[in-house]
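All remarks here apply to the structure that follows.
Readers should treat all values here as calculations from the given coordinates under stated rules, not as data from a laboratory. Note that the structure is a prediction, hence the values are computed from the model and not measured. Here the Cβ is made from the backbone with ideal geometry for all residues, glycine too, and neighbour counts use every protein chain on show.
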Amino acid sequence: MPSRAWGWDVPTARYRSKKSGRFMSPTVDARIRDDFNRRRLKDVDALSRKLAKEQISVRAWEQDMRATIEKHWTVQYMHGRGGRNAMQADDRALLKALIREQWNYLHGFAGAVQEGQLSAKQIKARAHLYLNDSVRAHSEGKASAHGIRLPAHPGDGTSECKANCRCHWEIAQTETEFKATWRRSAAESCPTCKHRSRQWAPLTISKQVTRMRSAA
């Protein structure tokens, strides 16, 4: 997702400009994440229009949505992880589980559509959530790149803003520990995210603990 002007720096788990050598800031990284989401919303909008005009069946719409979700979440996870070449077996397993979880939600959504419980406007708005929620995939990928576990992720459903969360983790490291800070966007103001920005400012994770988990 980042342009070819950026390369992945393995020791720091961050993107770095190939020209200047400067690291990509966490704010820019999150902006790329969100810009990608906004650009790709047209994909689900096109499917919603076809469904509303009865150009495709609910079954076909669900299948196309599954494919869209899988592609979108994969791109976002790889963005956080450092690219396709950085993906390991554990990453592929976690990403598969995240996508299947979304597919399960989608199947319930399709059932409500089939029963005529939702208007065309409601279908479009709800379909957007499946792409917006991919901020979680980006965050999970970023945590994996650092080899750490985090207590929560944007878009994981544990805050009032749910899929609309636009917070991000800012992760720094020293020789002995990781320092993970929960950053709110200018527009993010739900009570849970406000609390997290105070509680995890930063959250300190010992590298020794992380190595012990990896060895287990």
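When Leu118 is tested against the conditions (1) touching a Phe, Trp or Tyr at 6+ places or on another chain (Cβ under 9 Å); (2) part of a helix (DSSP H, G or I), the lone failure is (2). Take Ala13 and tell me if it is out of contact with any Phe, Trp or Tyr (no Cβ under 9 Å at 6 or more places or on another chain), surrounded by fewer than 17 Cβ atoms within 10 Å (Cβ to Cβ) and of a type in the set (A, V, I, L, M). It is false that Ala13 is out of contact with any Phe, Trp or Tyr (no Cβ under 9 Å at 6 or more places or on another chain), surrounded by fewer than 17 Cβ atoms within 10 Å (Cβ to Cβ) and of a type in the set (A, V, I, L, M).
Of all residues in the range 177-204, which are touching a Leu at 6+ places or on another chain (Cβ under 8 Å) and charged (D, E, K, R)?
Step one: list which residues in the range 177-204 are touching a Leu at 6+ places or on another chain (Cβ under 8 Å), which gives 179-182, 203.
Matches in the range 177-204: Lys179 only.
Residue selection: Thr74 fails the criterion of being part of a helix (DSSP H, G or I), touching a helix residue (DSSP H, G or I) at 6+ places or on another chain (Cβ under 7 Å), among the polar types (S, T, N, Q) and over 23 Å from Trp169 (Cβ atoms).
If we scan the range 45-67, do we find a residue that is among the acidic types (Asp, Glu), surrounded by fewer than 18 Cβ atoms within 10 Å (Cβ to Cβ) and in contact (Cβ under 8 Å) with a residue 60 or more places away in the chain?
Restricting attention to the range 45-67, the residues satisfying the condition of being among the acidic types (Asp, Glu) are 45, 54, 62, 64.
Next, only the ones that are surrounded by fewer than 18 Cβ atoms within 10 Å (Cβ to Cβ) stay: 45, 54, 64.
Checking the rest, the ones that are also in contact (Cβ under 8 Å) with a residue 60 or more places away in the chain come to 45.
Yes, the conditions are met somewhere in the range 45-67.
Residues in the range 181-201 that are surrounded by 13 or more Cβ atoms within 10 Å (Cβ to Cβ) and among the basic types (Lys, Arg): Arg183, Arg184, Lys194, Arg196.
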